[in-house]
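> Pasting a structure below so you can have a look.
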Amino acid sequence: MSRTSRRTWRLRRVLILGALLAVIADAAFVFYLDRRVTPQFEGRRWTLPAQVYAQPLELYAGLEMSADALEAELARLQYTRASDLTRPGTYRRRGPRLDIAARRAQFVDEVREAQRLSVITGSGGVTRLVDINGTEVPIFRLDPLLIGSIFPIHGEDRIVVTPQEVPPLLPTALMVVEDRRFEIHHGVDLEAILRAAWVNVRAGAIEQGGSTLTQQLVRSYFLDERQTLWRKIKEAVMAVILEARFEKADLMNAYINEIYLGQDGQRAIHGFGLASQFYFGKPLNELSLSEIAFLVAIVRGPSYYDPRKHPERAIARRDLVLKLLGGFGAVGEADALKAIKQPLKVTSSVTAGYYPAYLDFVRRTLRRDYREEDLTEAGLKIFTTLDPRVQATAERALVDELKRLDQRYKEKDVLLEGAAVVTAPQSGDVVAIVGSRQTGLDGFNRALDAKRSIGSLAKPVVYLAALETGRYNAASLIDDAPIEVKLPGGKLWRPENFTHQVNGLVPLTRALADSLNLATVHLGLDVGVPKVAQAFTRLGLDKTPDPNPALILGALDLSPLEVAQLYNSLANGGFRTPLRAVRDVVSAEGTTLKAFPLEVTPVADSATVYKLNRMLTKVTQRGTGRAVYNRIPPDVIVAGKTGTSSDFRDSWFAGFAGNHLAVVWIGFDDNRPTGLTGSAGALTVWSNLMGRLDPVSWDATLPESLTEVWIEYPTGLIANPGCADDVVSIAVPKDSELPIKPGCGEDPLSDFAERTRQWLEGIIRQ
Amino acid sequence: MMRLTLMLALAMVLSGCNLPNPYAAPTPPQQVPGGAPSLPPSPEPQAPVEPLPTPEPVPEPSPAPPPREYQLSSASRSLVDQAHAQMVAGNFVVAAGSIERALRIEPNNPLLWIELGKVRQAEGNYAQAENLGRKALSLATGDPRTQSSAWRLIADSHRARGQSPQAREAEARAEALTPR
């Protein structure tokens, strides 16, 4: 054999071997990809972030809600007006009557199918509820508002929809706009690639991309966003594999749930189910033609076509999609033209219905019991106690007042900040949390993390400890006189009154109402600082504060939430109930995994707490909290306390009406003085907030062991209203013997009889 | 004089309790007398040191309330019925949830706190059952029937924990309050 032929033979062998190896490698590559792609796709479960729901609105006869207010609540849930009510999520109004086509909704205890309900209202609120057959309905829940989700660090958030929940127009529109040969190609569409290339070269405009829906799905599901040739090849091979292995319908459904459709800070909006909520606040199957066209339009570039930043681009592209749909007969030409004329109504802001400070508290609650993956992947449903109406009101009250106060400060380098917590005292439900003036930002959560000096907010705890000794009542006199106290370090402490004046002997109720520091220090020292410290713990503080005398005047740093826990025990009549934001955790399958039950623990005698609360109503009627009645109707009784820390670094107000308790804090993050006292900044927010929530009186019933008496406000002596000029009522134990104002006690019985006579005449006259 | 005695007697019957303290403010306990602030509230911080010059308006005299009888609203009634059915099915978590829904509507109704206590008792959380009974008691002022059922719940919770003396005492209180 010649050298040449031998060389040729060898070359041939190498080539054949190479080709063989290439085929094997190729097969191996396809095999490898198949092994990787198919099982992952087959067992595909998107990581499902836990969905967080607000408390649903309960409708029932007797609910004090006007037809207008109910309509506003329906608008919050994105119900739309319609005359025929054939679709869930619609309603019609006929004067005082509202007919509602309620959506299917998941609750803790049931899945309620979509159904019709009529609500009849009168002057006092809801008078009747009837179903479609005219049968009375005693109570009915509207669907709970979705307020957010707990998405993982990488930020992918989604709501997965089943094919039944997808309006048929959506897949059609996706095919018309993105991939016209979807039904027939095998994963890759060469014709489309060539056409796209040609169109792009000719016009520079993109009418149709070259990637099939399958390729887009592969890209989103399996690959990163790097644009390399190798990645393109992988993408094409994987698309062909998926097409060979799965039905078209499966691929379409996967696409609808997978694709990226928007961004909200760190949160990436994936899938049409969430996009529908994110842009329109309602479920996918309720979207109009215009809205579906919009969602299809932004597939190509969710940030470029962001309707909140670039509405004109978004509308132009939506209109293009509508024209295509009309042109291809997916919808009637006339319908398409009509939809083009419609404005694009996207929910008002990116953060509408998204409450980061509240969600933060929910997340912290759940982290105690759940692993991060359970929360971000397992599709849990979290039912919370958030009341969207209260939350919106609290945000507005805080932000408005801070903006008003901004004008006071020339130094514009730092903005005044604030926080608020609102609870329903009896159940301990946290119904609203505002953590910052930038209510939509997931930043420093002051409601939970700003530990600030509570100042005079400590006083009610001191007075509670005093009443508990049994040696004091609301009329007892204490000395509002200068005092020097040796602190543990040997330093001498000389507290002063806010006004730098002294008042001598004053009754307890007035010392609290006027927030007199000197009187309170005398009282606290007499009771004993350790007893005061221990009262803090009983009312709900996690650890007993340092029993330093300065504790009496509030040398204690607490967060607004911690203050809310303390005052909640007072508003709840001496029963501590853990503040909770999460009521239930329900699995993706609908079974309750965990409930956070309402639990009560008696921590202070309810009659003693009643006496204290009566004194707290005097703070708002007579004392430092009087300005609340600028916003609260005069006949509504509220109890509360102002708080100011030294040098006006913190402005606080904590208090409650019959239905809500709220704690408000205002101050600078760097702890510089604000110049605000408790009755300026925080009090204004508190009273605006409470005033807008239809406050009902704090009207706890007088405990049987107590009776009510009148005392003269300056002296604490018993004196009926006719006998002294300035009297207030207090609650004291029935067997109390109190000193009587001279000249007022001769014939109290006849006085009582006289009043009874007047009362009887009053009844007869009616 | 006769008329006076009669009126006094009537007032006492209506108040449903002991002789009133001669110095008692003759106002219903649900209202804090002089609820309206007498002064126009000032918008700026203030810490008055002197007693306010204007007296509070003298409130209209009114009688002590007759004995109450707490009832459930129809919405609460249906939720309590639902809870009973859920308890029969052994689903205490959901039953408690139904009572809590009612409590959100009527947080001051002691009957609902007793119902919640019964759910806790049924699921073996006796300490909570007792606490909820005490919560109900604190709200049931003037309603002997409801007070009686609250004491009965407390008695049951003690009995279930083997605390016989406390159970007997609570039972006696319940008995004493039972309307005849």
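Values in this text are rule-based calculations from the coordinates and carry no lab data. For clarity, every value in this text was computed on a predicted model and none was experimentally measured. Ideal geometry is used to build each Cβ from the backbone, glycine not excepted, and the neighbour counts take in all protein chains shown.
> Dipole of the protein assembly as shown (Lys/Arg Cβ +1, Asp/Glu Cβ -1, origin at the Cα centre): which of A:GLN266, B:ASN131, A:PHE107 lies farthest to the positive side?
Checked the options; the winner is A:GLN266.
> With N set to the number of residues, divide the alpha-carbon radius of gyration of the stretch A:290-416 by 2.2 N^0.38 Å and report two decimals.
Normalised Rg, Cα atoms only: 1.56.
> With Cβ to Cβ distances under 15 Å as the rule, what net charge do the other residues near A:GLY470 carry (K, R +1; D, E -1)?
Net of charged neighbours comes to -1.
> Any idea what the dipole of the protein assembly as shown comes to, in debye rounded to 20, about its Cα centre with Lys/Arg Cβ at +1 and Asp/Glu Cβ at -1?
3480 debye
> Tell me the angle of helix A:517-527 to the major Cα principal axis of chain A, expressed in degrees between 0 and 90 and rounded to the nearest ten.
For A:517-527 against chain A, the angle is about 80 degrees.
> Now for a different question. Cα centroids of the stretch A:256-277 and the stretch A:711-743: how far apart, whole angstrom?
Comparing the Cα centres of the stretch A:256-277 and the stretch A:711-743, I get a distance of 67 Å.
> A further question follows. Kindly provide log₁₀ I(q)/I(0) values, in the same order as q = 0.09, 0.13, 0.15 Å⁻¹, from the Debye equation applied to equal alpha-carbon scatterers of the stretch A:566-724.
-0.40, -0.75, -0.93
> Kirkwood Rh, Cα Rg: Rg to Rh for chain A?
1.12
> Amide H to amide H under 5 Å from A:GLY62: which residues, 5+ apart in sequence or cross-chain, H placed 1.01 Å off N in plane?
Residues meeting the criterion, in which the H sits 1.01 Å from N, are A:VAL126, A:THR127.
> Additional query: Select from A:THR47, A:LEU525, A:ALA680 the residue farthest towards the positive end of the dipole of the protein assembly as shown; place +1 on Cβ of Lys and Arg, -1 on Cβ of Asp and Glu, and compute about the Cα centre.
Working it through, the farthest residue towards the positive pole turns out to be A:THR47.
> Direction-averaged shadow area of the convex hull around the Cα atoms of the stretch B:79-180, nm²?
6.2 nm²
> Counting partner chain Cβ atoms within 10 Å of every residue's Cβ in B:111-118, what's the average?
For this peptide, the per-residue mean of nearby foreign Cβ atoms is 1.
> Then there is this: Using just the Cα positions, wrap the stretch A:1-132 in a convex hull and report its mean projected area in square nanometres, one decimal place.
15.1 nm²
> Moving on to the next point. Would you be so kind as to identify which of A:ASN257, A:SER453, B:ALA75 lies farthest towards the positive end of the dipole of the protein assembly as shown, taking Lys and Arg as +1 and Asp and Glu as -1 on Cβ and the Cα centre as origin?
A:ASN257
> Also, I was wondering about something else. Among residues other than A:GLU247 whose Cβ falls under 13 Å from its Cβ, what is the net charge (Lys/Arg +1, Asp/Glu -1)?
Charge balance in the 13 Å sphere: -2.
> Let me have the relative contact order for chain A, percent, based on Cα pairs under 8 Å that are six or more residues apart.
10 percent
> In debye to the nearest 20, how big a dipole does the stretch A:282-396 give about its Cα centre with +1 on each Lys and Arg Cβ and -1 on each Asp and Glu Cβ?
Around 300 debye, computed over the stretch A:282-396.
> Now, a different point. In angstroms, what radius of gyration and Dmax does the stretch A:448-509 have, counting Cα atoms only?
14.4, 40
> For the stretch A:530-651, restrict the atom set to alpha-carbon positions and state the Rg and Dmax in Å.
Cα radius of gyration and Dmax of the stretch A:530-651 are 17.6, 56 Å respectively.
> Under unit Cβ charges (Lys, Arg +1; Asp, Glu -1), what dipole magnitude, rounded to 20 debye, does the stretch A:26-72 have relative to its Cα centre?
Computed about the Cα centre, the dipole is about 540 debye.
> May I pose another question? Pull up the cross-link candidates among the lysines for A:LYS338, meaning alpha carbon to alpha carbon under 19 Å and not fewer than 8 places away within one chain.
Within the straight-line limit of under 19 Å, A:LYS338 reaches these lysines: A:LYS323.
> Can I ask one more? Between 0 and 90 degrees, rounded to the nearest ten: what's the tilt of helix A:271-280 against the longest Cα principal axis of chain A?
In chain A, helix A:271-280 runs at an angle near 50 degrees to the longest axis.
> So which trypsin sites (Lys or Arg not before Pro) in the stretch A:28-114 pass both tests, a DSSP loop state and at most 14 other Cβ atoms within 10 Å of the Cβ?
A:ARG44, A:ARG45
> Let's test this: bin the Cα-Cα distances of the stretch A:413-457 at 5 Å from zero up to the farthest pair and state each bin's percent.
The percentages, shortest bin first, are 5, 19, 23, 24, 17, 9, 2, 1, 0.
> Find the Rg to Rh ratio for the stretch A:678-730, where Rh is the Kirkwood radius over alpha-carbon pairs and Rg uses the same atoms.
1.15
> Could you list log10 I(q)/I(0) for the stretch A:62-174 at q = 0.16, 0.18 Å⁻¹, which the Debye formula gives when each Cα is one point scatterer?
So the normalised log intensities are -0.85, -1.01.
> Tell me the Kirkwood radius of the stretch A:360-444: reciprocal of the mean inverse pair distance over distinct alpha-carbon atoms, in Å.
Computed over the stretch A:360-444, the radius equals 15.0 Å.
> Over the stretch A:474-589, what is the relative contact order in percent, taking alpha-carbon pairs closer than 8 angstrom and at least six residues apart?
Relative contact order, the stretch A:474-589: 21 percent.
> For the stretch A:246-365, what are Rg and Dmax over the alpha carbons, in angstrom?
That works out to 15.7, 53 Å for Rg and Dmax.
> Post the alpha-carbon centroid distance, the stretch A:531-569 to the stretch A:97-145, in whole angstrom.
Between the Cα centres of the stretch A:531-569 and the stretch A:97-145 lies a distance of 44 Å.
> Under the definition of Cα pairs under 8 Å and six or more residues apart, what whole-number percent is the relative contact order of the stretch A:595-676?
20 percent
> Could you give the angle, 0 to 90 degrees to the nearest 10, between helix A:289-298's Cα long axis and the longest principal axis of the Cα atoms of chain A?
So the inclination is approximately 70 degrees.
> Another question, then. In a shell of Cβ-Cβ distance under 12 Å around A:SER149, excluding A:SER149 itself, what net charge do Lys and Arg (+1) and Asp and Glu (-1) give?
0
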